[in-house]
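What follows is one structure encoded as C-alpha cells, with my remarks underneath.
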C-alpha cells in the first residue's frame with residue numbers, strides 16, 4: 001500500500017473511532033453544559049495530540065522504508081558500475097597484451113600500433129571516470145560519461 005494512502009486511511013479510521021468513543025465518554029462524564037464544553041475542548045486537544053503522533057509514526061516508518069530502498073538502489077548502482085568497470089578494464093588489459101604482442105612482430109605496421117595504443121590509453125582514461133562517479137543522478141552520470149563528446 002502506498003504510504004500516502006496508508007496515512008490517510010489510518011487517520012480516517014482513528015478519527016472515526018475517536019469521535020464515536022470519545023463522545024460516549026464525554027456523555028458519561030459530563031453532568032452539565034459547562035462540564036461538557038470543557039471535556040469537548042480537552043477531547044479536541046487530545047485528538048490533535050494523538051493524531052499528530054499517529055501521523056508522525058506512520059510517516060516516519062514510511063520515510064525510513066523509503067531511505068532503505070534508496071540505499072539498496074544506490075548499492076545496486078555502485079555494484080553495477082563496479083562490475084562494468086572491472087569487465088571493461090579486463091578487456092582493455094587484453095587489448096594491451098595483444099598490442100604488446102603485435103609490437104614484437106617485425107612486420108607489423110607501427111602506425112596501427114600507435115593508433116591502438118592511443119585508443120587503449122583513451123579508453124582507459126574514459127573508464128577511470130566511472131570509478132569516480134559519486135553523485136547518482138542521471139544528469140551527473142551523463143555529464144561524466146559524455147563530457148568529452150560535448151566539447
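Tabulated values for the structure
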quantity: Convex hull volume per residue for segment 21-99, taking Cα atoms only, in Å³; calculated: 60
quantity: On Cα atoms only, tilt of 33-104 relative to the major axis of the chain in degrees; calculated: 10
quantity: Helix 3-29 vs. the chain, principal-axis angle (Cα, 0 to 90°, nearest 10); calculated: 10
quantity: Mean shadow area of the chain over all directions, Cα convex hull, nm²; calculated: 14.3
quantity: Choice from 24, 60, 68 showing the highest fluctuation, given a GNM over the chain with Cα pairs closer than 10 Å; calculated: 24
quantity: Distance histogram for segment 55-144 (every C-alpha pair counted, 5 angstrom bins, percent rounded to whole numbers); calculated: 3, 11, 15, 15, 11, 10, 9, 7, 6, 4, 3, 2, 2, 1, 1, 0
quantity: Value at 222 nm in deg cm²/dmol, rounded to 500, when DSSP H runs of n ≥ 4 in the chain each add -39,500 (n - 2.57); calculated: -31500 deg cm²/dmol
quantity: Mean separation of Cα contacts under 8 Å (6+ apart) over length of the chain, as relative contact order %; calculated: 19
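Here, each number is a calculation from the coordinates, and none is a lab measurement. This one's a predicted model, so the numbers in the text were calculated from it and none came from an experiment.
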